Amino acid sequence: MSGNGNVTLTIDGTEVTVPKGTNLIEAARRLGTHVPHYCYHPALSVVGNCRICLVEVEGMPKLQIACNTEARDGMVMRTRNERVEKGREGVMEFLLINHPLDCTICDQAGECKLQDYAFHHGAGVSRFEDEKVHKPKNVSWGDRVVFDSERCILCTLCVRFLDEVAGTDEVSIDARGDQVTLIVKADGKLTSPYQMNIIDLCPVGALTSRDFRFKSRLWFMQFADTICTSCARGCNTTVGVRDERVLRMVPRHNADVNGDWMCDHGRLHFAIANDDERLSVPRVDGRGVPYAVAAQRAADLLREAGDSAAAVASPFMTNEELHVLKLICDAAGIEKRLFLNPVGPGDELLVHSEKSPNARGAALLGFEAVDQDCEGVQEIDVLLYVTPREGIALPETVEARAKRRIVFAFHEREADVLFPLTTWIEKDGTVVSAGDRVQRLVKGFSRFGSLLTERAALEMVLQALEAGFEPAATPAQAFERVAAALAPFEGLTFTGVGAHGAPLGRQEVPA
Amino acid sequence: MSKIQEHRVMLKYADDPEQATLAGYRHNGGYKALEKALESMTPDQVTEEVLASGLRGRGGAGFPTGRKWQFVPETDKPKYLAVNADESEPGTCKDRQIMELDPHQMLEGSLLCCYAIGAETAYIYIRGEYPHSIKATERAIEEAREAGLVGKNILGTDFSCDVWVHPGAGAYICGEETALLTSLEGNRGYPRIKPPFPAVEGLWRCPTIVNNVESLACVVHIINNGAEWFKGLGCEGSTGTRLFCVSGHIARPGVYELECGKFTLRELLEDFCGGTGTGRPIKGVMPGGSSFQVLTPDELDCTFDSDSVQKAGSSLGSGAIMVFDDSVSAVEVALNIAEFYSHESCGQCTPCREGSDWVRKLVARFCRGEAREGDIELLMDVTDRMDGTTICALAEALVWPVQSYVRKFRSEFEAGITRRAAEHEFGGFSKPVESVP
Amino acid sequence: MRPVSGNGKFSAELVKRVEALWERYPDRKAALLPALHLIQKERDGWLSDETIRDAAELFDVPDMHIKGIVGFYDMFHGQPVGRHVVRLCKTLSCKLRGADELRAHVREKYGVLNGETTADGRFTFKCFECLGHCEVAPMMLVDEEKHTELTTDKLDAVLEALA
Ligand SMILES: Cc1cc2nc3c(=O)[nH]c(=O)nc-3n(C[C@H](O)[C@H](O)[C@H](O)COP(=O)(O)O)c2cc1C
Ligand code: SF4
Ligand code: SF4
Ligand code: SF4
């Protein structure tokens, strides 16, 4: 027996103690046992309609659904035995009798729970020989989501997500019996800014992304577990890449940040990573040069200008990059250290009003947030400017106030020294997300073989300014330097931050 | 003259045309039970009395009514009564008699229940296909409201209770108690997973009692005459009188109020109801609506009460006895039943949504004489897999009767297998099977 | 909560009745079924997509929710119907007493199958599951009137009297 809000039960012969109120799927999960389920999701209401999570509970005459059965003290439950398998096999067969089985052309193939479970819990042969029920296929639900009713197993995850999480309640069910199908509002278009999460939620290929449809079979992709950088939330993501291109971004579970969701804006905001017109080599006075040459030129300009230079950082830079930039400012005696801080409307679910991933890191490293008119950049000789992301920039008039310009940018532009900017998917590093949480960016690929990250490029500039400086050998070492320099980072390690981030230390972070 | 006599308690004044009016009802002793309860009994005493009477629910499941009322938790939340007047079980037409002929009786029973459980609102969910019941009940409520029997401070006491008719719109599943609640809240009538049970979390997540019309009508007489009197009627396990609807091939179809345990099912059908009336022998009897097993002529000698019929392999269910003679194909009856449930499956949970129509298609194959070798085993297996794996009991209500037809009339199913079609008298059907979408 | 008033799409009388229904429940949505019966009556016996939108607006619920309700309940019609709706019970008790023959007769004589409307628009014919008049089977409901212990003659007399 276990008191204080816990209960102890036996699952497949092993005892486990879980908090009171835990259901049997979650209790089994503690032991690493997967109880198959379609309609259950820990963040949504429990409806128990798919019936695949049948388990045997001693003392109960019928098989029970694990999703709606609360773990109790002394309970003895089995997730595997002949009776349970027979029950699941039955449910699988029912799910498949009217299913079109068009796996060969289905986007979900490879991550389809129907395919998966059919393999593990299905009998293999269909005993259903009558005409299958035909339902609408290829139904547009607006610009982003396409629905196939024949593939739909009516788990209602999508219905519940939109109602309970996104708060837009815009999918419902029509008809009765085996004719049931999903319907959307009269104009046929979903409106939720979170609607694409239903594609990830859908356990089968009934909901597909118009953006991703037929782009690639799953098994040809590689994946990077990183975060979204379109706002300060820093939703954890998995980016699917192939041939140095981003094919899709999907949310990755993080209970402390985004749960299982992300916003559509963030999800779809990756065109820049696939842009072939991007700058790939540094330029000096318009001519392509090696990084060392550009770095030397930049260092010379900064040294000459000294106090009459200004640095405008970007909140899209990692802490490590910002740290090197700070060291450059120290070395060259630059006092004006600013960063552009784009803001916009947020919402109550995830979207943050800070439209960049690392305004907090920039502030911690001593850069001052400015709006786009930035008064600070008035009479200066040299401007060291890391541009933020497409669509956000200093007004040209501000840039024009400087006599000389060292700029990091995605595209060709006028500057004395021009460094190519890299995207979030091309670098390792850390940012400080909303809630003062340190999170890691993970590199998925480098777009052009020759491209260096901002950290590497800035380190070269710093080396040119300060002969003794040694660039960090690894992302972990770069992080250690930041951690050593900033009190709030005390106690954090690169591995400790890991794939799910870690909160900053006790120290208050300047707003 | 049959030895079986009707014993009319609930239907005592059903033939009095004035009974549906408040004046008529009161003239015949109506609202005495409510007066008695409000004047001299605490709510708990009402519940105790109902519990002691042995009354079991008349909607089909037979759960002890008093016990159910005791599940209502102490809470500050509002409590509700939902009267189940969805009467849609094939063969069942008894609640309709009460509502059309004696609606105040149901109303009085509902008020007694509300008083016992502390509810201040009752909804009477009447199936939409009962316009006459809806009108009669609405009229009764209006009259009662005007007379201070419904609304604030009923009969001058501090018991207040509003009662409203809520019409359904044609969906058998809404008779299932949790589906009834989902439907009442303004949704598609989806059954809910239990737990929680409605008595704990029902309408708008508040404690809600769901009771059948006849169960509530019984409460009136239990309060008037006492639990002991009620227990003296019928037999153990089936106390009181019960309404039975006898239909199909039967000489005297009708709704009869009877005491259980006093005669056999055969006596009821052959003596009291005059046999099939077609000149042909009984072939099958469904004693409790279409949701339970069929009984064959050799199984009719069980005593007529819940427990004995259950021992005989079926159930008295909702009190609907359907009889057919030997001119009828058992496979065709099974198909009619399968069509019913596949049409009525709400489509929420996998085994029933997909399975019920599969079963219909399979039975139809037998009916057309196009079944294949192995189809009997397949039909039994598919139905087995629907049994006990669904959200509500609708799937079982399909599985149990269909399996009983296969078991008891196997040769007719075998005859539906192509090769043997020509060899059997029920092998081929001249009538095309037109199914209702 | 928005003020109690119609959305100008329905008759004042209907809106008044719907508002009275709202008073009965802690949540207005609960009045949907009774209200849809009234609305269906006011809109020629069926619930078009436009009517559904109007009703959704009146109730302040998403339209597909009402569409899903119309698709669930047999008494709500998502397609136009004739001036009268004839519901013939097809379930066991009625079947045993001649429902199949009545159905065949309707098909022969009036040329309509389950769900169809006569060419003259007089009535829509629907086979319904058990209508709860098993002791007086076979039976049909014509609009809100019931006709029991039917024979083909009796059925003809009722249908022929329909305007
Ligand atoms: C599929 C299904 C249909 C049902 N239909 C009805 C019905 O039409 N009327 C009814 O009173 N009970 C019906 N019931 C039983 C109810 O769920 C519930 O047990 C009953 O209303 C409780 O009332 P009682 O205890 O007074 O019998 C049905 C149950 C199932 C599973
Ligand atoms: S579309 Fe997908 S998520 Fe939605 S109900 Fe169907 S299977 Fe479930
Ligand atoms: S909420 Fe912010 S971090 Fe999350 S996906 Fe959207 S833009 Fe990206
Ligand atoms: S068993 Fe059938 S009727 Fe009951 S919830 Fe499941 S699908 Fe609906």
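Can you find, within region A:236-267, the residue that is farthest from ligand 1 (Cβ to nearest atom) among those that are touching a Ser or Thr at 6+ places or on another chain (Cβ under 9 Å) and among the hydrophobic types (A, V, I, L, M, F, W, C)?
Here the answer is A:V246.
Do any helices (runs of 4 or more DSSP H) entirely within region C:57-139 hold 3 or more residues that are surrounded by 19 or more Cβ atoms within 10 Å (Cβ to Cβ) and free of Cβ contacts under 8 Å to residues at least 24 places away in the same chain, and if so, which?
C:63-72
Output the residue which, of all residues in region C:140-163 that are assigned to a loop (DSSP other than H, G, I, E, B) and modelled with pLDDT of 95 or more, is farthest from the other protein chains (Cβ to nearest Cβ).
C:T151
Restricting to region B:389-426, count the residues that are at pLDDT below 95 and in a loop (DSSP other than H, G, I, E, B).
Residues meeting the conditions: 4.
Residue pairs, Cβ under 8 Å, 6 or more apart or interchain, first in region B:115-133 and on the phi > 0 side of the Ramachandran plot, second at pLDDT 95 or above. List them.
Pairs found: B:G118/B:P43; B:G118/B:V72; B:G118/B:K79.
A:C67 - would you say it is in contact with a Ser or Thr (Cβ under 7 Å, 6 or more places away or on another chain) and in the same structural domain as A:E26 (by TED's automatic domain parsing)?
no
Only one residue in B:E344, B:E354 is over 23 Å from B:G288 (Cα atoms), within 12 Å of ligand 4 (Cβ to nearest atom), surrounded by 22 or more Cβ atoms within 10 Å (Cβ to Cβ) and of a type in the set (D, E, K, R). Which one?
Result: B:E354 is the single residue among B:E344, B:E354 that is over 23 Å from B:G288 (Cα atoms), within 12 Å of ligand 4 (Cβ to nearest atom), surrounded by 22 or more Cβ atoms within 10 Å (Cβ to Cβ) and of a type in the set (D, E, K, R).
Residues being assigned to a loop (DSSP other than H, G, I, E, B) and either at pLDDT 90 or above or away from every other protein chain (no Cβ under 14 Å) (or both): count how many of those fall in region A:181-227.
24
Right, A:S314: among the small types (G, A, S), surrounded by fewer than 24 Cβ atoms within 10 Å (Cβ to Cβ) and in contact with a strand residue (DSSP E or B) (Cβ under 8 Å, 6 or more places away or on another chain) or not?
When the stated conditions are applied, A:S314 does not pass them.
Take region B:110-120 and flag every residue that is within 18 Å of B:A217 (Cα to Cα) and either in contact with a Phe, Trp or Tyr (Cβ under 6 Å, 6 or more places away or on another chain) or within 12 Å of chain C (Cβ to nearest Cβ) (or both).
B:Y115, B:A116, B:I117, B:A119
Can you tell me which residue within region C:43-56, out of those that are part of a helix (DSSP H, G or I) and aliphatic (A, V, I, L, M), is farthest from the other protein chains (Cβ to nearest Cβ)?
Here the answer is C:A55.
Hey, any hits in region A:159-168 for a residue that's within 16 Å of ligand 4 (Cβ to nearest atom) and crowded, with 18+ Cβ neighbours inside 10 Å?
Yes; the residues of region A:159-168 include at least one that is within 16 Å of ligand 4 (Cβ to nearest atom) and crowded, with 18+ Cβ neighbours inside 10 Å.
What pairs can you find where one residue is in region B:344-373 and more than 23 Å from C:L131 (Cβ to Cβ), the other is within 16 Å of ligand 4 (Cβ to nearest atom) and among the acidic types (D, E), and their Cβ atoms are less than 8 Å apart, with a gap of 6+ or different chains?
Every condition considered, the pairs that remain are B:R353/A:D178; B:E354/A:D178.
Return the residues of region B:165-177 that are in contact with a strand residue (DSSP E or B) (Cβ under 8 Å, 6 or more places away or on another chain) and either more than 14 Å from every other protein chain (Cβ to nearest Cβ) or more than 16 Å from B:Y130 (Cβ to Cβ) (or both); say none if nothing qualifies.
Passing the criteria: only B:E177.
Of the residues that make up region C:115-122, is at least one of a type in the set (S, T, Y) and away from every other protein chain (no Cβ under 12 Å)?
Checked against the condition, which is being of a type in the set (S, T, Y) and away from every other protein chain (no Cβ under 12 Å), region C:115-122 yields at least one hit.
Residue by residue, here is whether (1) under 15 Å from the mean Cα position of the chain (by Cα); (2) away from chain C (no Cβ under 14 Å); (3) of a type in the set (K, R) holds:
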| position | (1), (2), (3) |
| --- | --- |
| B:P191 | no, no, no |
| B:F197 | no, yes, no |
| B:V219 | no, yes, no |
| B:I223 | no, yes, no |
| B:K231 | no, yes, yes |
| B:G234 | no, yes, no |
| B:G240 | no, yes, no |
| B:S247 | yes, no, no |
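Could you tell me whether A:T79 is buried (at least 19 other Cβ atoms within 10 Å of the Cβ), within 12 Å of chain B (Cβ to nearest Cβ), over 32 Å from the mean Cα position of the chain (by Cα) and hydroxyl-bearing (S, T, Y)?
When the stated conditions are applied, A:T79 does not pass them.
Among the residues of region B:179-189, what is the count of those that are more than 7 Å from every other protein chain (Cβ to nearest Cβ) and charged (D, E, K, R)?
0
If A:S126 satisfies every condition in (1) of a type in the set (S, T, N, Q); (2) at pLDDT 95 or above; (3) part of a loop (DSSP other than H, G, I, E, B) but one, which is the exception?
The failed condition is (2).
From the residues in region C:21-42 that are crowded, with 21+ Cβ neighbours inside 10 Å and without any contact (Cβ under 8 Å) to a residue 12 or more places away in the chain, which one is farthest from the other protein chains (Cβ to nearest Cβ)?
Applying the filter and picking the extreme gives C:Y25.
For every residue, the table says whether it meets (1) touching a helix residue (DSSP H, G or I) at 6+ places or on another chain (Cβ under 6 Å); (2) in a helix (DSSP H, G or I); (3) at pLDDT 95 or above.
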{"site": "A:A298", "(1), (2), (3)": "yes, yes, yes"}
{"site": "A:L301", "(1), (2), (3)": "no, yes, yes"}
{"site": "A:D307", "(1), (2), (3)": "no, yes, no"}
{"site": "A:L322", "(1), (2), (3)": "yes, yes, yes"}
{"site": "A:I328", "(1), (2), (3)": "yes, yes, yes"}
{"site": "A:D347", "(1), (2), (3)": "no, no, yes"}
{"site": "A:H352", "(1), (2), (3)": "no, no, yes"}
{"site": "A:G361", "(1), (2), (3)": "yes, yes, yes"}
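Taking A:C67 and the conditions (1) touching a residue at least 60 places away in the same chain (Cβ under 8 Å); (2) within 31 Å of the chain's Cα centre (by Cα); (3) facing chain B (nearest Cβ under 10 Å), which numbered condition does it fall short on, given that it satisfies the others?
Condition (1) is where A:C67 drops out.
Considering only region A:83-109, state which residues are more than 14 Å from every other protein chain (Cβ to nearest Cβ) and charged (D, E, K, R).
Once the filter is applied, which keeps residues that are more than 14 Å from every other protein chain (Cβ to nearest Cβ) and charged (D, E, K, R), region A:83-109 yields A:D102, A:D107.
For the condition under 19 Å from B:P351 (Cβ atoms) and surrounded by fewer than 24 Cβ atoms within 10 Å (Cβ to Cβ), what is the one hit in A:V18, A:V47?
A:V47
Return the total of residues in region B:152-186 being assigned to a strand (DSSP E or B) and under 21 Å from B:E87 (Cβ atoms).
So the count comes out to 5.
Let's see how each residue does on (1) within 30 Å of A:L63 (Cα to Cα); (2) surrounded by 15 or more Cβ atoms within 10 Å (Cβ to Cβ); (3) touching a strand residue (DSSP E or B) at 6+ places or on another chain (Cβ under 8 Å); (4) of a type outside the set (D, E, K, R):
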| position | (1), (2), (3), (4) |
| --- | --- |
| A:Q115 | yes, yes, no, yes |
| A:S126 | yes, no, no, yes |
| A:E170 | no, yes, yes, no |
| A:I173 | yes, yes, yes, yes |
| A:Y194 | no, yes, no, yes |
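Taking only region B:76-106 into account, find how many residues are surrounded by fewer than 24 Cβ atoms within 10 Å (Cβ to Cβ) and either within 16 Å of ligand 4 (Cβ to nearest atom) or among the acidic types (D, E) (or both).
Here the count works out to 2.
The values are calculated or read from the model by the stated rules, or taken from the named source; none is laboratory data. Model, not experiment: these values are computed from the prediction. Glycine also receives a Cβ, built like all others from the backbone with ideal geometry; neighbour counts cover every protein chain displayed.
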